[in-house]
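To keep things clear, I will list the structure first and then write my remarks on it.
Bear in mind these aren't lab numbers, they're just calculated from the coordinates by the rules spelled out. Source: prediction; values computed, not measured. Cβ atoms come from the backbone with ideal geometry, glycine included; neighbour counts cover every protein chain shown.
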Amino acid sequence: GAGVSQTPSNKVTEKGKYVELRCDPISGHTALYWYRQSLGQGPEFLIYFQGTGAADDSGLPNDRFFAVRPEGSVSTLKIQRTERGDSAVYLCASSLTGVFPTDTQYFGPGTRLTVL
Amino acid sequence: AQSVTQPDIHITVSEGASLELRCNYSYGATPYLFWYVQSPGQGLQLLLKYFSGDTLVQGIKGFEAEFKRSQSSFNLRKPSVHWSDAAEYFCAGYGSGNTGKLIFGQGTTLQVKP
């Protein structure tokens, strides 16, 4: 079946611009996660959705970052006033139930964001 | 605080040789540990996971990992490496809060020599 998809695969923007990154989870998965992976580093947690609500947004670095999941399926990560330090690969993952700890997270290929 | 450390940033092995990738964790309670593999342009793929029970865990693609509480380690092993195993490998564990937040190590890049 189809896995987690993310669009666009690459995004180049200028400092100060607004960007949106989209994640389509595996059909039927109720839990959705966003991670950020900087060059040479492991992924870092940003936010976790259970259904439509953000159950844990402790990883969002500041108020320029915001994510939504209005219908409990597709999610959009929004970054305002982008900075060069936001350049990274943004990964999305989904899992069937979000039940800790047995649920498995399935990752998408990521969106590479470059801020010039 | 929970943390996951991968001491080796880069490892090179010859094709057919055995492989061991190291992972150390720091957790207060029972850790839930994972190994993921990331190939260029691909998403992270789960190789195996440890929750409880048998400390030797079998995964996909011929990988296994052994949980050693006394050493706070969860090392990944493969008896014979194939060229297609060249990739980046991440060890991960759950963070606090029971929300499925994964804490990843820095990753180990595996290069396979012909």
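Share of pairwise Cα-Cα distances greater than 22 Å in the protein assembly as shown is 52 percent (whole percent). Between A:S58 and A:R22, the contour length at 0.36 nm per residue exceeds the alpha carbon distance by 11.0 nm.
Residue-wise HN-Hα couplings along the stretch A:88-94, as the Karplus relation 6.51 cos²θ - 1.76 cosθ + 1.60 with θ = phi - 60° gives them from phi, are 4, 9, 9, 9, 10, 9, 9 Hz; Gly and Pro carry x. Approximating the spin labels as points 7 Å out from Cα along Cα→Cβ, the B:H82-to-A:A2 distance works out to 2.9 nm.
Our coupling estimate for the stretch A:101-114, obtained by passing each phi through the Karplus curve with A = 6.51, B = -1.76, C = 1.60 and θ = phi - 60°, is x, 7, 6, 9, 8, 10, 9, x, x, x, 10, 8, 9, 10 Hz, Gly and Pro reported as x.
Counting only the Cα atoms, chain B fills a convex hull of 99 Å³ per residue.
What's the center-to-center distance, using Cα atoms, between the stretch B:42-114 and the stretch A:44-65 in Å? Each part's Cα centre sits 25 Å from the other's.
Normalised by residue count, the stretch A:5-98 yields a Cα convex hull volume of 91 Å³ per residue. Projecting the Cα positions of A:Q41, A:A88, A:A67 onto the charge dipole of the stretch A:5-98 (unit charges on Cβ atoms of Lys, Arg, Asp and Glu, taken about the Cα centre) puts A:A88 furthest along the positive direction.
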